[in-house]
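Worksheet: one structure, shown below.
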Amino acid sequence: MSNKFWISEKALDIQEVVDLVTRREAGAINTFIGTVREFTKGKRTLLLEYQAYVPMAEKKLAQIGEEIKEKWPDTDTAIAHRIGRLDITDIAVVIAVSTPHRADSYDASRYAIERIKEIVPIWKKEYWENGEEWIGDQKEQKAYPKGQPDEEDLT
Amino acid sequence: MNKILLFAGLQEKAGKAELQLEAVNKSIKEVKELLKDSYQLEEIDTSMAAVNEEYANGDFVVKEGDTIAFIPPVSGG
């Protein structure tokens, strides 16, 4: 397991993730910070709880790093995702990608967050004023018509 | 014997995160049916499965000692 891809029960340190991809060959480091939003479609979230299948989630984060390397050569990626109870504005995920030139760093960073939402076994539970629910991504954006992602999405 | 792992809504509905099941020589699809009947886990139909931490399809046949995780649609990020 690479130490650049991990699940954490503690607050994430943005600089720690950035430092892992900082190198002399890079001309750009793109950082994505996913935070806990208060309102979703008018509904107020009080707090979130994230759960992960930790060993598999860390493997899948590392896989995303490998996929990025294949698509954008000479890229270095680090990803940390938090689990447990998070309050509004807390940081849930930090992605840092360093590349020689800036364009690739934006594309690769975007790719990383989209892939996290497809293949990494992490779930969030939203707590509202009048209830709570585990959120499946099919309810938000992506449907799995066959009950699961396509084979090619996963390997 | 096989270890079964449940997460998120599946875990909550079954009331446990982990259970032991004799699933050797059964396909993932058959294991799903079994769990659906035993724990009223209808949601397992829309869940993916992972065997030993790698995604596996419904035809995958379970071997002795395999750990099978059922993974509802993910919502990280």
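The table below gives the values:
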{"item": "Residue in the stretch A:70-79 that is buried (at least 20 other Cβ atoms within 10 Å of the Cβ), over 15 Å from the mean Cα position of the chain (by Cα) and farther than 28 Å from B:Pro72 by Cα present", "result": "yes"}
{"item": "Breaking point among (1) away from chain B (no Cβ under 14 Å); (2) free of Cβ contacts under 8 Å to residues at least 60 places away in the same chain; (3) among the polar types (S, T, N, Q); (4) in contact with a helix residue (DSSP H, G or I) (Cβ under 9 Å, 6 or more places away or on another chain), for A:Gln63", "result": "(1)"}
{"item": "Residues within the stretch B:4-21 that are part of a strand (DSSP E or B) and either loosely packed, with under 14 Cβ neighbours inside 10 Å or free of Cβ contacts under 8 Å to residues at least 60 places away in the same chain (or both), tallied", "result": "4"}
{"item": "Matching entry among B:Glu30, B:Glu12, B:Glu53 (being farther than 24 Å from A:Ile64 by Cβ and facing chain A (nearest Cβ under 8 Å))", "result": "B:Glu12"}
{"item": "Residue list for the stretch A:4-28, filter: in contact with a Gly (Cβ under 7 Å, 6 or more places away or on another chain) and not basic (Lys, Arg)", "result": "A:Phe5, A:Glu9"}
{"item": "Residue among A:Glu132, A:Glu126 that alone is touching a Ser or Thr at 6+ places or on another chain (Cβ under 8 Å), of a type outside the set (A, V, I, L, M) and closer than 19 Å to A:Phe39 by Cβ", "result": "A:Glu126"}
{"item": "B:Glu43 being free of Cβ contacts under 8 Å to residues at least 24 places away in the same chain and within 13 Å of chain A (Cβ to nearest Cβ)", "result": "no"}
{"item": "Per-region count, the stretch B:39-56, residues more than 19 Å from B:Val74 (Cα to Cα) and touching a strand residue (DSSP E or B) at 6+ places or on another chain (Cβ under 9 Å)", "result": "1"}
{"item": "Residue satisfying condition, being in contact with a helix residue (DSSP H, G or I) (Cβ under 6 Å, 6 or more places away or on another chain) and basic (Lys, Arg), within set B:Lys36, B:Lys16", "result": "B:Lys36"}
{"item": "Any hit, the stretch B:56-69, residues being at pLDDT 95 or above, surrounded by fewer than 18 Cβ atoms within 10 Å (Cβ to Cβ) and assigned to a helix (DSSP H, G or I)", "result": "no"}
{"item": "Subset of the stretch B:22-40 that is touching a residue at least 40 places away in the same chain (Cβ under 8 Å) and not in a helix (DSSP H, G or I) - its residue that is nearest to A:Glu133 (Cα to Cα)", "result": "B:Ala23"}
{"item": "Residue that is nearest to A:Ile29 (Cα to Cα) [pool: residues in the stretch A:88-132 that are within 14 Å of chain B (Cβ to nearest Cβ), touching a helix residue (DSSP H, G or I) at 6+ places or on another chain (Cβ under 8 Å) and in a strand (DSSP E or B)]", "result": "A:Ile95"}
{"item": "Per-region count, the stretch B:1-59, residues touching a Lys or Arg at 6+ places or on another chain (Cβ under 8 Å) and of a type in the set (Val, Ile, Thr)", "result": "2"}
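The values are calculated or read from the model by the stated rules, or taken from the named source; none is laboratory data. For clarity, every value in this text was computed on a predicted model and none was experimentally measured. Backbone-built Cβ (ideal geometry, glycine too); neighbour counts: all protein chains shown.
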